[in-house]
Structure formats: C-alpha cells, structure tokens
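The values are calculated or read from the model by the stated rules, or taken from the named source; none is laboratory data. Source: prediction; values computed, not measured. As a convention, Cβ positions derive from the backbone with ideal geometry for all residues, glycine included, and neighbour counts pool all protein chains shown. Heavy atoms of the whole protein, side chains included, go into the accessibility calculation; ligands, DNA and RNA do not. Shrake-Rupley method; radii C 1.70, N 1.55, O 1.52, S 1.80 Å.
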Amino acid sequence: MIQMFNVFKNYDPMSPALIDISLHIRKGEFVFVSGPSGAGKTTFLKLIYREELPTRGHILVNRRNIAKLPPSKIPYLRRSMGIVFQDFKLLNNKTIFDNVSFVLKILGVPIAITKKKVFNMLRMVDIHHKMKSFPPQLSGGEQQRVAIARALINDPALLLADEPTGNLDPELSMEIMRLFEEANQKGTTVVVATHNPALIGCISNKRVIMLDKGRIVKYY
Amino acid sequence: MLRAIRYFLREGWSSLWHNKGANLLSIAIIIVSLYVLGVFLVLSTNFNHIIERWSEDVQVNIFLDENLSEPALLYLQERLSILPEIGEFIYISKQEALQRFQILFPSLQTLPDEIGENPFPSSYELKIKKEYQTIDGVRGLASRLKSLDGVKEVSYDLQWIERLSTVMKLLRVIGIFLVGVLVFSAVSTTANVIKLLAYARKDEIDIMKLVGASSWFIKGPFLVEGMLQGFIAGIISIGLLYLSYRLVAYYLALSYNLLFGFLLFTFLPLEYWLGIIGGGTLVGLIGSSISIRKFLRY
Ligand SMILES: Nc1ncnc2c1ncn2[C@@H]1O[C@H](COP(=O)(O)OP(=O)(O)OP(=O)(O)O)[C@@H](O)[C@H]1O
Ligand SMILES: [Mg+2]
C-alpha cells in the first residue's frame, strides 16, 4: 500500500526532518509510528497524503508515485484516505454535523444516507449530543473525536491518525483504538502516529516504526 | 451535480450576507458601470428611434432640364420605374410647381409675374422604399439619379439625420471607452473583494483541500458569490435606470408637448434588461474566478 525508497525530507538544509526512510506498509496492516517529539512522525504522514513532497527518494501509494501525481488527482488520493490531523483541522464556521458530512458531500453521497451515517459515526465517538455545536464550543478531546469521526466516515482504504488520542483520557483512548481496530478488521490499513507506548500496547496484531531524529531506529 | 449547485448557492449566498461590507463595495462599483452602460444604451436606442422615424418620409426630388422632349421624358420615367429603391413617384410640371409655391407663400404670389416667366423647373418626387432608407442608400441613389440624362439636380433632406448619426457614432465611441474602463474597474474590484474574503478563509480552504475537496468544489461558492454580486448589481441598476428614465421622460413631457415626449423617449427593451443583468453576473464571475485561482494550487 505504501512504499518508501530512501526518502529524505528537509524543511531547511541544516536540520533534516526525515533521513533515508525505506519501508513497505502492506494492505491491511495496523502500523504505529512512534518516537519522541520532533522525531518526524507528522512529517512522515504528511508525505503520504502529499501535503509535503520528499526532498529525495520516492514514495508509492497504491503503486503510484505520488510526487508525479497531477494536482487535479490529489483530491482523489485524499478521498481514499481518512486523516486525523494532530491539530484536528475542523471547519470552525460549520457545525459538528456539517464538518463530518462534508466528506460525504464531496463524494456525492445522497443526503438521507449521509444523515444516517454521520449520526451513527458521531454516536460511536460519543459526540452526537453536540451535533449542532461549532468546533470552538467544544473541548479539545471533543474536537479530537469529531476529527476521528470525519476520518472514518467514508470507510477509507487508508487511515492516517496523528496523535489521535493526545487529548483523550485513557478510557476514551481505548475506545478509539477499538474503533480503529474494527476498521482495520474491515480492511482499512491503519497508520497511527503516537509517542504514547500505552496506546501501542492496546493493539495485538501490529507493526511499529520507531523514529528518532528523523531516522528509523526500530522497525518490527 | 444539482446538489453541488445548490450547495454552492447556499454557501455563496451566506458568505455574501456575512460579508455585507466588502460585498456592497463591489456591488456599488458594478452598479455604477452598468448604470453608465445603461444610460448610453437608452440614448442610442432613442437616437435610433428618431433616425428611423425621420427617414420614414425621406423624399428625393429630381429637377429636370428645361425643355425636355417628350421621348426623353418617357425614357426617364421608364428608368425611374426600374430603379429598385424607388416606390411611388409623381411628376410635377412647371405649372404645378408654380401653383404649389403660390399656395405655400400667398404673399409672394406676384413674384413669378414680376420675373416674367415661370422660374420653377419640372420635377419628380420620389418616395424611397423602406428597406433602402439608409443614409448610404439614399446617397448612392442620388448620385445615380444625377447621372441620368435630363436630370439637372437631385435634392434630398438628410442633413439632419446625418448629423444625428455622427453624434451617435461619437456617443458610441465615448460609451464603449467609458463602459470599458468602468467594467474593468468593476472586475478588478470584485476580484479584490473575493480575494480578501478568500484570504480570510484560507485555513478553511486548506482544510477542504486536505479532506479531498476538488478545486471546483472549493471554488463554487466563491464564484457564486461573485455572480450574486453582479446579479444584484444588475437588478439594482435596471431599477435606477428606470427611475432616471421616468424622471427625464417627465421633464421632457413638461417642456415639449406631452405626446411628443412620451412617444419619442422610450426605455430599454427586455433583451437589454437581461443583457445588463447577465453582463453584471459575468463581471462578478470573471472577477471572482481571477482571484480564487491562486488559492487552489496544490
Ligand atoms: N513546516 C515546517 N517547517 C520547518 N520545519 C518543520 C516543519 N514541520 C516540521 N518541522 C521540523 O521537522 C522536525 C519533525 O517534525 P514533526 O512535526 O514531523 O515531528 P513529530 O514527530 O510529529 O513531533 P510531535 O510529536 O511533537 O508532533 C522537527 O524538528 C520540526 O521542527
Ligand atoms: Mg507531530
């Protein structure tokens, strides 16, 4: 599903964010990207959904070199993914319901189906009672759950989650991981970036990529 | 597709409403340019009306040589009857011309007697067919008539219309220039207003891109907003134009006689209304699509 060949990423010449990354994440895997703050986890994910391009090396997603993807195809790449951003990236002037249903609107899913799906998804992350609120009226953890709902709503082939439980208590974190595991069992490839070892412990059938200062230090 | 358009309309309208201040600015500028355009259109349609009315009774007179022989006269008559421009024509003999003069100017009745002979030449009065009643058509006809044997002089009264057409041509040039400048400034104002609004919503646009919205999907509401600006401006300027028209028509009616002012001064036909509203919408569309483009680069 995701192949990287000697990928380097430098935001500026002096301090590289990723150094010589080569790996293969297969379809259906549940992968953690772990490591201390500043290790390059977010950068790693950004390369996959093509917010950033590698300074050197090649990245294939579904066997396609995404650096060569024409701009008009980028939306389609991202529609096949669900992304939980570290900073949520919710639309502040849209309600919670509209934030989540926006993804389905892009896909052209009929209203009736959208309503049902969104309501179910919001209930799964236990935020359905705030459906008509706007993001700024929600706590950090609540916003995070909206972001998770939005990422899962279109049954993505690939789920990229950046520190998805950073604002949640342990109990809720476990529940979210159950949701991810469920999606994974239904065929979604999952990549979760986290520095929280407890989270990694939640999942039995997994792989772990340990990053430190931009290098892979462990991969099992 | 239909759903997308409905979504664009809703979003575009709500943004228009939320950002009344900035949007009013570009609406105002579009109104000004459409209003000026409209004024020129009203003037030129009315001048056209006047020209049409006038040329309806364009009459050409040809004056004949003295002592034209009977066969020559018949020959001339035949030539006149095969010219396509000419509808009816009547012959006016020297005697008839004199009588007409005497009826028209009773106080000068004795003048011919004093001169001693009848000074009026015989002539033909030609009525021009409607489809040939253009300035160029009449001119061309006149020069052909002049070259006929037995024709001494050709006269036609087109000066007034010619002058009016010159004024109209001038008016058209000024109008095109002025409207061009105004349309340009309207487009750039719309572009800048939409750019401002897009800047304010840059985060939102970036998020939409990240969750897979196509550029059309992001662009749509902004384009609709620009088009709504132009559409609203179009409707308002039609309203203003009509008000001004009524006002001017009222004063015309006061200063001339009522019927003259009312009959002659008309408002724009419906196609022009639609043209003005459509033009405004187009201005808004062009302005917004110019400025939104650069926000959509990946
Ligand atoms: N847009 C950017 N411009 C310049 N440098 C950047 C940018 N984004 C990240 N970096 C740098 O790249 C390195 C890796 O950052 P990254 O965000 O990938 O770390 P991370 O592992 O996600 O950290 P955290 O756990 O704190 O989220 C850091 O040193 C960071 O300062
Ligand atoms: Mg990070």
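Name the pairs whose Cβ atoms lie under 7 Å apart, with the first residue in the stretch B:195-206 and away from chain A (no Cβ under 12 Å) and in contact (Cβ under 8 Å) with a residue 40 or more places away in the chain, the second surrounded by 15 or more Cβ atoms within 10 Å (Cβ to Cβ) and of a type in the set (Ser, Thr, Tyr), and 6 or more positions between them or separate chains? Listed by first residue and then by second, the contacts come to B:Lys195/B:Ser291; B:Leu197/B:Ser15; B:Ala198/B:Ser291.
Entry remark, the stretch B:78-94: residues being open to solvent by 50 Å² or more (accessible area, probe 1.4 Å) and free of Cβ contacts under 8 Å to residues at least 40 places away in the same chain number 8 in total. Would you call A:Leu211 outside any helix (DSSP H, G or I) and within 16 Å of ligand 1 (Cβ to nearest atom)? Yes; evaluated as a whole, the condition is true for this residue.
Only one entry of A:Gly35, A:Gly82 meets the criterion of being away from chain B (no Cβ under 11 Å) and open to solvent by less than 20 Å² (accessible area, probe 1.4 Å), and that entry is A:Gly35. Here A:Ser15, A:Ser22, A:Ser37 are screened, and the one residue that is out of contact with any Asp or Glu (no Cβ under 7 Å at 6 or more places or on another chain), among the polar types (S, T, N, Q) and away from ligand 1 (no atom under 12 Å from the Cβ) is A:Ser22. Residue count for the stretch B:1-32 under the criterion of being more than 18 Å from B:Trp216 (Cβ to Cβ) and within 14 Å of chain A (Cβ to nearest Cβ): the result is 4.
In the set (1) open to solvent by 60 Å² or more (accessible area, probe 1.4 Å); (2) of a type outside the set (Lys, Arg); (3) within 14 Å of another protein chain (Cβ to nearest Cβ), A:Ile74 fails one condition alone, (1). Inspection of the stretch A:11-27 identifies at least one residue that is closer than 20 Å to A:Thr188 by Cα, away from ligand 2 (no atom under 15 Å from the Cβ), in the same structural domain as A:Lys206 (by TED's automatic domain parsing) and touching a Ser or Thr at 6+ places or on another chain (Cβ under 6 Å).
Answer with yes or no whether A:Gly28 is in a strand (DSSP E or B), at pLDDT 90 or above and either at positive phi or away from ligand 1 (no atom under 16 Å from the Cβ) (or both). In short, no. Per the conditions (1) over 19 Å from B:Glu70 (Cα atoms); (2) modelled with pLDDT of 80 or more; (3) in contact with a helix residue (DSSP H, G or I) (Cβ under 7 Å, 6 or more places away or on another chain), the sole criterion not satisfied by B:Ser123 is (1).
Write out, first by first residue and then by second, each pair whose Cβ atoms fall under 9 Å of each other, whose residues are 6+ apart or on separate chains, and whose first residue, in the stretch A:1-21, is outside any strand (DSSP E or B) while the second is within 16 Å of ligand 2 (Cβ to nearest atom). Partner pairs satisfying both residue conditions: A:Tyr11/A:Ala17; A:Tyr11/A:Thr43; A:Tyr11/A:Glu52; A:Ser15/A:Gly214.
Would the stretch A:86-109 turn up any residue that is more than 16 Å from ligand 2 (Cβ to nearest atom), more than 10 Å from chain B (Cβ to nearest Cβ) and of a type in the set (S, T, N, Q)? Within the stretch A:86-109, one or more residues are more than 16 Å from ligand 2 (Cβ to nearest atom), more than 10 Å from chain B (Cβ to nearest Cβ) and of a type in the set (S, T, N, Q). Filtering the stretch B:182-215 to residues that are under 29 Å from B:Phe40 (Cα atoms) and small (Gly, Ala, Ser) leaves B:Ser185, B:Ala186, B:Ser188, B:Ala191. Taking residues in the stretch A:35-59 that are modelled with pLDDT under 95, and partners anywhere that are within 6 Å of ligand 1 (Cβ to nearest atom) and β-branched (Val, Ile, Thr), the pairs with Cβ atoms closer than 9 Å and at least 6 places apart or on different chains are A:Glu52/A:Thr43.
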